[in-house]
Amino acid sequence: MDINELNQNNSTQTPILAQNIRKAERKLKLRWILAISCLPLFGIYAAFGIAPQTLTGSIATETVLEEINLPIAETADAAGSAAQSFWYKDFVRRDDTLQSILSRLNIRNRDAYDFIRNDQTAAEIAKSLIPGKQIEAETDIDGNLVSFEYQLNADQYIAIHKTTDGYQAEKQLLQLEVRPILKSANISSSLFGATDAANIPDHVAIQLADIFESEIDFHTDLRRGDRFNVIYEGSYYQGELLKTGNVLAAEFVNNGKTFRAVGYRGQDNQMQYYTPEGKSLHKSFLRSPLEFTRVSSGFSVARFHPVLQRMRAHKGVDMAAPTGTRIKASGDAVVDFVGVKGGYGNVIVLKHNNGVSTVYGHLSRFAAGLRRGAKVAQGEIIGFVGMTGTATGPHLHYEFLLNGKHYDPMKVALPKANAIEARNKPEFDSISNQMTAQLRLLSTSNIAALE
């Protein structure tokens, strides 16, 4: 091989050799990287392998003995009767009997059952088992009655206690806490529909109608979108609402016009309502002697009588209502007549001051004890709606006479009572300011109820 061939072979092998060298160098680097990365693992393994061996011989052990005093367990005699008492709380259920209630409350002694059945006070429990009434009982470990409480009504209960002489029963009054309840509602169909939607009791709705009846005709004036705010009394026992009472203040927006009322109790403890400035909202006569109704036939000088089938004057208004609906005296009066009179059927005539008389016809019955010459107060129940006499259906025929002349009861001007007395004005102003501020709070918020 000459020098030229040798040079040619070297030139062709040199790139191959260089490439092999570079591959070898990369493999060597990878081996070193792998070896270095494995060192922590070897260290961990070594630590786990060596640490227990190195600690085994260096820890000193010692045995400790200590006496512990255990508490003495109380026996039935040591604990006393209080530790053996069991309390039960329940409510009267539908179809409950006295025996089923006592059995559910784990009362098993016969003398307790006999006492509740025969004692004059305790016997009222069995006579008033109304679903929802609350019952509480305390018994001992053997089911012997220790104490018993039964909710007789909203603010009274019957309490039974075991004494050394046997059982004793007494009526006790609940210590109720009275707090105001604030609510708002919008009229979409009717007053009662709005109060039902806002969970406002019906008797509060009736009070609202009575308070504002001189300003708003609830039969014809209500509009969709009208709204009202009301503050009324709530009586609570241990945080639970038991009953509701009088309206304390109210605001009614009817067709864009706002009416407000503030309640105030005078020396007679009767709630009267005034404007926030102290002007009385009370009328000498109620516009309607029915709590809530509609006029089915108005006052007219000539009306076709549905029974007599001829034209004649209708000198009063007919108010449709179910048989048995309560009728109130329109104002303070003396009973001038009570009995049966021609087409009126059962009728009452009241004689008021200043030449005013009112007539109530077609009654189903009269209030107990009502007689001629008896005095009645405004709002007192005097009778009940019916359809006696010349009538095609149950309703009240109501007339208003002044010096013997008939006037439309729905339109005649009703005199207002006097404004609040001067001596009571400072106290009233303080109450009015507080109530008005709370009504404003309801008016400017979206709160549906504050209890």
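The values are calculated or read from the model by the stated rules, or taken from the named source; none is laboratory data. Because the structure is predicted, anything quoted here is derived from the model rather than measured. Positions of Cβ are generated from backbone atoms using ideal geometry, with glycine treated the same way; all protein chains shown enter the neighbour counts. Protein only, heavy atoms only, side chains kept; ligands, DNA and RNA dropped before computing areas. Shrake-Rupley method; radii C 1.70, N 1.55, O 1.52, S 1.80 Å.
From the residues in the range 254-272 that are more than 22 Å from Glu380 (Cβ to Cβ) and part of a loop (DSSP other than H, G, I, E, B), which one is most open to solvent (accessible area, probe 1.4 Å)?
Asn255
Which condition does Asn246 not pass, out of (1) open to solvent by 50 Å² or more (accessible area, probe 1.4 Å); (2) more than 30 Å from Asp155 (Cβ to Cβ); (3) at pLDDT 90 or above, if it passes all the others?
Failing condition for Asn246: (2).
Suppose the filter is open to solvent by 50 Å² or more (accessible area, probe 1.4 Å), within 23 Å of Arg260 (Cβ to Cβ), modelled with pLDDT under 85 and hydrophobic (A, V, I, L, M, F, W, C); does Leu450 pass it? I'd like the intermediate steps shown before the answer.
Details: open to solvent by 50 Å² or more (accessible area, probe 1.4 Å): yes; within 23 Å of Arg260 (Cβ to Cβ): yes; modelled with pLDDT under 85: yes; hydrophobic (A, V, I, L, M, F, W, C): yes.
Yes; evaluated as a whole, the condition is true for this residue.
Based on this model, can you work out whether Ile158 counts as without any contact (Cβ under 8 Å) to a residue 40 or more places away in the chain and under 20 Å from Tyr237 (Cβ atoms)?
Details: without any contact (Cβ under 8 Å) to a residue 40 or more places away in the chain: yes; under 20 Å from Tyr237 (Cβ atoms): yes.
When the stated conditions are applied, Ile158 passes them.
Please go through the range 73-131 and pick out each residue that is open to solvent by less than 60 Å² (accessible area, probe 1.4 Å), among the polar types (S, T, N, Q) and either closer than 18 Å to Asn144 by Cβ or modelled with pLDDT under 90 (or both).
Hits for the range 73-131 are Gln84, Ser85, Asn106, Asn109, Ser128.
When you look at Leu363, is it hydrophobic (A, V, I, L, M, F, W, C), in a strand (DSSP E or B) and farther than 16 Å from Val412 by Cβ, yes or no? Full working, then the answer.
Details: hydrophobic (A, V, I, L, M, F, W, C): yes; in a strand (DSSP E or B): yes; farther than 16 Å from Val412 by Cβ: yes.
For Leu363, the condition - hydrophobic (A, V, I, L, M, F, W, C), in a strand (DSSP E or B) and farther than 16 Å from Val412 by Cβ - is met.
Looking at the range 181-213, which of the residues that are touching an Asp or Glu at 6+ places or on another chain (Cβ under 9 Å) and charged (D, E, K, R) is surrounded by the most Cβ atoms within 10 Å (Cβ to Cβ)?
Per the criteria, the residue is Asp210.
Identify all residues within the range 144-188 that are polar (S, T, N, Q) and either touching a strand residue (DSSP E or B) at 6+ places or on another chain (Cβ under 9 Å) or under 30 Å from Ala249 (Cα atoms) (or both); write none if there are none. Give the derivation first.
Of the residues in the range 144-188, the ones polar (S, T, N, Q) are 144, 147, 151, 153, 156, 163-164, 168, 172, 175, 184, 186, 188.
Of everything in the range 144-188, those that are polar (S, T, N, Q) and either touching a strand residue (DSSP E or B) at 6+ places or on another chain (Cβ under 9 Å) or under 30 Å from Ala249 (Cα atoms) (or both) turn out to be Asn144, Ser147, Gln151, Asn153, Gln156, Gln168, Gln172, Gln175, Ser184, Asn186, Ser188.
Of everything in the range 386-411, what is among the aliphatic types (A, V, I, L, M) and under 16 Å from Asn353 (Cα atoms)? Give them in sequence order.
Residues of the range 386-411 among the aliphatic types (A, V, I, L, M): 387, 391, 396, 401-402, 410.
Of everything in the range 386-411, those that are among the aliphatic types (A, V, I, L, M) and under 16 Å from Asn353 (Cα atoms) turn out to be Leu401, Leu402.
Looking at the range 239-253, which of the residues that are without any contact (Cβ under 8 Å) to a residue 40 or more places away in the chain and in a strand (DSSP E or B) is farthest from Tyr273 (Cα to Cα)?
Here is the first cut: in the range 239-253, the residues without any contact (Cβ under 8 Å) to a residue 40 or more places away in the chain are 239-240, 246, 253.
When the remaining residues are screened for being in a strand (DSSP E or B), the result is 240, 246, 253.
Working: Glu240: 28, Asn246: 11, Val253: 17 Å.
Only one residue fits best here, namely Glu240.
Looking at Phe252, is it touching a strand residue (DSSP E or B) at 6+ places or on another chain (Cβ under 9 Å) and at pLDDT below 80? Lay out the reasoning, then the answer.
Values: touching a strand residue (DSSP E or B) at 6+ places or on another chain (Cβ under 9 Å): yes; at pLDDT below 80: no.
The answer is no for Phe252.
What residue, of Thr390, Thr358, is assigned to a loop (DSSP other than H, G, I, E, B) and either more than 18 Å from Gly331 (Cβ to Cβ) or in contact with a His (Cβ under 8 Å, 6 or more places away or on another chain) (or both)? Spell out the reasoning first.
Details: Thr358 fails: assigned to a loop (DSSP other than H, G, I, E, B).
Among Thr390, Thr358, only Thr390 is assigned to a loop (DSSP other than H, G, I, E, B) and either more than 18 Å from Gly331 (Cβ to Cβ) or in contact with a His (Cβ under 8 Å, 6 or more places away or on another chain) (or both).
What number goes with the only condition from (1) surrounded by fewer than 18 Cβ atoms within 10 Å (Cβ to Cβ); (2) under 23 Å from Thr436 (Cα atoms); (3) modelled with pLDDT of 90 or more; (4) of a type in the set (D, E, K, R) that Asp226 does not pass?
Answer for Asp226: the failing condition is (1).
Inside the range 168-180, can you point out the residues that are part of a loop (DSSP other than H, G, I, E, B) and either open to solvent by less than 50 Å² (accessible area, probe 1.4 Å) or touching a Lys or Arg at 6+ places or on another chain (Cβ under 9 Å) (or both)? Don't jump to the end; show me each part of the working.
Quick first cut of the range 168-180, residues part of a loop (DSSP other than H, G, I, E, B) only: 174-176.
Of everything in the range 168-180, those that are part of a loop (DSSP other than H, G, I, E, B) and either open to solvent by less than 50 Å² (accessible area, probe 1.4 Å) or touching a Lys or Arg at 6+ places or on another chain (Cβ under 9 Å) (or both) turn out to be Leu174, Leu176.
In the range 152-167, what residues are outside any loop (DSSP other than H, G, I, E, B) and under 18 Å from the mean Cα position of the chain (by Cα)?
So in the range 152-167, the residues outside any loop (DSSP other than H, G, I, E, B) come out as 152-153, 156-163, 166-167.
Passing the criteria: only Asn153.
Would you please name the residue that is surrounded by the fewest Cβ atoms within 10 Å (Cβ to Cβ), looking only at residues in the range 141-164 that are of a type in the set (D, E, K, R) and at pLDDT below 90? Reasoning before the result, please.
First, the residues of the range 141-164 that are of a type in the set (D, E, K, R): 142, 149, 155, 162.
Still in the running and at pLDDT below 90: 142, 155.
Working: Asp142: 9, Asp155: 14.
Among them, the one singled out is Asp142.
Collect the residues in the range 181-213 that are outside any helix (DSSP H, G or I) and either over 21 Å from Leu241 (Cα atoms) or among the aromatic types (Phe, Trp, Tyr) (or both), keeping them in residue-number order. Lay out the reasoning, then the answer.
Taking the range 181-213 first, the residues outside any helix (DSSP H, G or I) are 181-190, 198-201, 212-213.
Residues satisfying the conditions are Asn186, Ile187, Ser188, Ser189, Ser190, Phe212, Glu213.
Only one residue in Gly355, Gly361 is within 17 Å of Val385 (Cβ to Cβ) and either at pLDDT 90 or above or exposed (fewer than 12 other Cβ atoms within 10 Å of the Cβ) (or both). Which one? Write out each step before concluding.
Details: Gly355 fails: within 17 Å of Val385 (Cβ to Cβ).
Going through Gly355, Gly361 in turn, the sole match is Gly361.
Matching residues to (1) crowded, with 19+ Cβ neighbours inside 10 Å; (2) assigned to a strand (DSSP E or B); (3) at pLDDT 90 or above:
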{"position": "Ser288", "(1), (2), (3)": "yes, no, no"}
{"position": "Ser296", "(1), (2), (3)": "no, yes, no"}
{"position": "Ala302", "(1), (2), (3)": "no, yes, no"}
{"position": "Gln309", "(1), (2), (3)": "no, no, no"}
{"position": "Ala313", "(1), (2), (3)": "no, yes, no"}
{"position": "Met319", "(1), (2), (3)": "yes, yes, no"}
{"position": "Val334", "(1), (2), (3)": "no, yes, yes"}
{"position": "Gly343", "(1), (2), (3)": "no, no, no"}
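Of the numbered conditions (1) surrounded by fewer than 17 Cβ atoms within 10 Å (Cβ to Cβ); (2) at pLDDT below 90; (3) among the β-branched types (Val, Ile, Thr), Thr275 satisfies every one except a single condition; which is it?
Unmet condition: (2).
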